1. For the range 268-313, which positions are in a helix (DSSP H, G or I) and within 24 Å of the chain's Cα centre (by Cα)?
2. Across the range 265-287, what is the total count of residues that are hydrophobic (A, V, I, L, M, F, W, C) and crowded, with 22+ Cβ neighbours inside 10 Å?
3. Going by the conditions given, is Gly233 of a type in the set (Gly, Ala, Ser), more than 28 Å from Lys57 (Cα to Cα) and part of a helix (DSSP H, G or I)?
4. Within the range 255-274, identify whether any single residue is over 26 Å from Met292 (Cα atoms), free of Cβ contacts under 8 Å to residues at least 40 places away in the same chain and not basic (Lys, Arg), and answer yes or no.
5. Is there any pair with a first residue in the range 44-58 that is farther than 23 Å from Leu84 by Cα and at pLDDT below 90 and a second that is of a type in the set (D, E, K, R) and assigned to a loop (DSSP other than H, G, I, E, B) whose Cβ atoms are under 9 Å apart and which are 6 or more apart or on different chains, and what are they?
6. Select, from Ser161, Ser251, Ser156, Ser205, the only residue that is of a type in the set (Gly, Ala, Ser), in contact (Cβ under 8 Å) with a residue 60 or more places away in the chain, surrounded by fewer than 21 Cβ atoms within 10 Å (Cβ to Cβ) and more than 25 Å from Asn53 (Cα to Cα).
7. Is it the case that Pro119 is farther than 25 Å from Cys231 by Cα, loosely packed, with under 14 Cβ neighbours inside 10 Å and either of a type in the set (Gly, Ala, Ser) or modelled with pLDDT of 90 or more (or both)?
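The values are calculated or read from the model by the stated rules, or taken from the named source; none is laboratory data. Bear in mind that the values here come from a model prediction, so they are computed numbers and not experimental data. So basically every Cβ, Gly included, is an ideal-geometry build from the backbone, and we count neighbours across all protein chains shown.
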Amino acid sequence: MAVFSFQALGAALVHQSVETESRMTSFGRIQFYSTNLPQEVRRSIDSIKIKKNWPQKGRIQFENVTFKYRQGLPFVLKDVSFDLKGGEKIGVCGRTGAGKSSLLFALFRLVELDPKLQPQMIDSKTGLTIESDPNEEPNKGKILIDGKDISKIDLSRVRKSIAIIPQDPTLFTGTLRYNLDIAGKCNDDRIWEVLQMVEMRDVISAFPLGLDTQVAEGGSNFSTGQRQLICFGRAILNNCRIVVMDEATASVDVETDAKIQKTIREQFIDKTVIIIAHRLNTIMNSDRIMVMDQGRVAEIGKPQVLQQRPNSLFNALSNSLNKK
């Protein structure tokens, strides 16, 4: 019996030793990334001062924007140029991988166009800085908002100036009031007014605690459509001049989609709105439509005009979806 117990103990110790070694490897990786994760550059060396009410018009200009996500990868946007007037509504469409969402990465500066602002990459094995290949073509181009180069503006200020409504609506643990007005700038009357605009007032009023209702982790106590409408309410309360919708209606039912389209028409009338489209019918009322193809702007124009062109990519996309 003693021999058996000793053998069992020995086996357990060997197993525990292997487990510990395996977990220490994972711990080492976590420790490495916690201390060596590339940091975003908050402010450019040649940064510029802007007014408190910037942007006032919401004009967006892309000038020859070309970028890849990191060194060694192919370019996802190639010489992209367009000019959106303040208050204009534009729908962006294209096949999977055409570069639609990459436009937002550039706009939010998740990838920097200026090589001087790109974070240094660290080799996870050696801990040394990965030197860029001098023969590799760098990211380039400019993005202007109301005539100001956003690479020269404080990063947090750039992102605060743009409201985004993603495909997967994000709610945070906390009260409904906090989720709608994270900055705490609006009074309850204004919040209820906005809930009425997005047709969520009756739903929230039915909760005993109203705006003090606690949101479960990930917003699991709300349906996908309700979470999306709450995100729209948040965007209205933020009152940004620029609103971006990244396939925001892709996961909602037809009824919620109709409510969202109504909100866009009525509440974002003076905003610049970029709509990355999943359903082409959701962008047919846009002022213009931009079709992306292989990282380039293939065509841009009024939806009715593009539909009437026999060789239009937009026309081809519409026909292919209608056949499904």
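1. Going through the range 268-313, the residues in a helix (DSSP H, G or I) turn out to be 280-283, 303-308, 313.
Within the range 268-313, Leu280, Asn281, Thr282, Ile283 qualify.
2. So the answer is 6.
3. Values: of a type in the set (Gly, Ala, Ser): yes; more than 28 Å from Lys57 (Cα to Cα): no; part of a helix (DSSP H, G or I): yes.
Criteria not met by Gly233.
4. yes
5. That search, which allows pairs on different chains as well, returns Ser44/Asp114; Ser44/Asp154; Ser47/Asp154.
6. Numbers: Ser161 fails: more than 25 Å from Asn53 (Cα to Cα); Ser156 fails: more than 25 Å from Asn53 (Cα to Cα); Ser205 fails: in contact (Cβ under 8 Å) with a residue 60 or more places away in the chain.
Only one candidate passes the filter, namely Ser251.
7. Values: farther than 25 Å from Cys231 by Cα: yes; loosely packed, with under 14 Cβ neighbours inside 10 Å: yes; either of a type in the set (Gly, Ala, Ser) or modelled with pLDDT of 90 or more (or both): no.
For Pro119, the condition - farther than 25 Å from Cys231 by Cα, loosely packed, with under 14 Cβ neighbours inside 10 Å and either of a type in the set (Gly, Ala, Ser) or modelled with pLDDT of 90 or more (or both) - is not met.
A quick yes/no check of all residues on (1) more than 25 Å from Asp246 (Cβ to Cβ); (2) buried (at least 18 other Cβ atoms within 10 Å of the Cβ); (3) not small (Gly, Ala, Ser):
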{"residue": "Ile143", "(1), (2), (3)": "no, yes, yes"}
{"residue": "Ile150", "(1), (2), (3)": "no, yes, yes"}
{"residue": "Pro166", "(1), (2), (3)": "no, no, yes"}
{"residue": "Leu171", "(1), (2), (3)": "no, yes, yes"}
{"residue": "Lys185", "(1), (2), (3)": "no, no, yes"}
{"residue": "Asp188", "(1), (2), (3)": "yes, no, yes"}
